[in-house]
Ligand SMILES: NC(=O)c1ccc[n+]([C@@H]2O[C@H](COP(=O)([O-])OP(=O)(O)OC[C@H]3O[C@@H](n4cnc5c(N)ncnc54)[C@H](O)[C@@H]3O)[C@@H](O)[C@H]2O)c1
């Protein structure tokens, strides 16, 4: 079936890091509108649980254990999706990781882990999926950046660099693949209420309160807030949008 014949609801969507948090909400959002969803995550059991939950709600979903830091895992994930569904319409590069600490105290080991997961992981998944999308002349790639990559964030120097890299990478790839009818965009959450934020806030409850005070809407983002923006960018409504960076942060970042 060609992409143009496909109903918008039935597209094949890979979401990395979809076992929990923002990725899980994105997977639920696509499943709710009838898309076929691939829950890809380093946490294989979590991915299985998330996909089973989607199927219980009537969706067509599969789980694939995949470490986006491994070329072999990413290639195997793409092959598994091709085997299950035949093609890939949408990739959401969501998996990410952070460690908050003063830059001066951070180690090379931490820098490498942050860059590997947050920058090279999305780059690796994007190339593997584009090889499937280009021959079909159709595709949507949405990468989850961060407002930290747009305006900086104290304690997140290398993470900000990696997310800034995701934004720059998005723009260049968007230019290169527009001729194939492929849209490439980035969504940048602000502080969003997930386990990652709880881990980052750690033993400092005042941090969350301070964040809320600095956000014009005076609340943290929810995973569903982010999912709505990603779903829009993957839809036909956004067919003429590419190379863009959309902050979803309650007005915290306006640029
Ligand atoms: N929560 C926030 O405040 C916030 C703000 C800005 C940006 N973000 C970004 O949003 C995305 C999702 O964040 P979240 O808060 O939901 O995080 P989370 O920690 O709750 O979930 C991340 C998921 O990614 C998976 N993952 C981690 N490393 C992986 C790897 N190497 N391969 C495959 N899967 C892997 C984890 O197993 C987990 O299921 C990340 O890219 C993060 O940087 C989050």
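Coordinate-derived values only; no laboratory data. For clarity, every value in this text was computed on a predicted model and none was experimentally measured. Cβ coordinates were reconstructed from backbone atoms using ideal geometry, including for glycine residues, and neighbour counts include every protein chain displayed.
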| For the chain, modelled as a GNM with alpha-carbon contacts under 10 angstrom, which of 105, 225, 75 fluctuates the most? | 105
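Considering Cα pairs under 8 angstrom that are at least six residues apart, work out the relative contact order of the range 10-248 and quote it in whole percent. Walk me through the numbers before you get to the answer.
On the way: 474 pairs, mean separation 47.0, N = 239.
After rounding, I find 20 percent.
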| task | Could you state the orientation-averaged shadow area of the convex hull built on the Cα atoms of the range 1-143, in nm² to one decimal? | result | 8.7
| note | Rounded to whole angstrom, the alpha-carbon centroid of the range 149-188 lies from that of the range 73-147 at a distance of 12
| said: With 10 angstrom as the radius, rank 222, 192, 16 by how many other C-beta atoms surround their C-beta, starting from the fewest. | reply: 222, 192, 16
| Taking the chain as a Gaussian network, where each spring joins two C-alpha atoms under 10 Å apart, which residue of 176, 156, 132 fluctuates the most? | 176
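Can you compute the FRET efficiency between residue 32 and residue 105 using 1/(1 + (r/R0)^6), with r the Cβ-Cβ distance and R0 = 30 Å? Round to the nearest 0.05. Can you show the working numbers first?
Details: r = 43 Å, r/R0 = 1.43.
Once rounded, the FRET efficiency stands at 0.10.
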| Distant alpha-carbon pairs in the range 10-248 (separation over 27 angstrom), percent | 30
| Cα Rg, Dmax (largest Cα-Cα span) when computed across the range 111-155, Å | 13.6, 43
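Taking other Cβ within 10 Å of each residue's Cβ, how do 14, 141, 114, 134 sort, fewest first?
Working: 14 31, 141 28, 114 23, 134 16.
By the 10 Å Cβ count, ascending, the order reads 134, 114, 141, 14.
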| query | Of the residues 118, 185, 206, which exhibits the maximal mean-square fluctuation in a Gaussian network model of the chain defined by a 10 Å Cα contact cut-off? | reply | 206
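Which order do 147, 73, 203 fall in if you start with the one that has the fewest other Cβ atoms within 10 Å? It would help to have the intermediate numbers written out before the result.
Details: 147 21, 73 18, 203 5.
Least crowded to most crowded, the residues run 203, 73, 147.
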| task | Let me have the 222 nm mean residue ellipticity of the chain computed from DSSP H runs of 4+ only, each contributing -39500 (n - 2.57), with the sum over all residues rounded to the nearest 500. | result | -14000 deg cm²/dmol
| field | Angle in degrees between helix 44-56 and the longest Cα principal axis of the chain, rounded to the nearest 10 | value | 60
| field | Where Rh is the Kirkwood radius over Cα pairs, Rg/Rh for the range 7-52 | value | 0.97
| query | Simple spin-label model, 7 Å along Cα-to-Cβ: residue 196 to residue 70 in nm? | reply | 2.1
| request: For the chain, find the longest principal axis of its Cα atoms and tell me its angle to the long axis of helix 223-233, 0 to 90°, nearest 10. | output: 40
| said: Along the Cα→Cβ direction, 7 angstrom out, place labels at residue 131 and residue 53. What is the inter-label distance in nm? | reply: 3.2
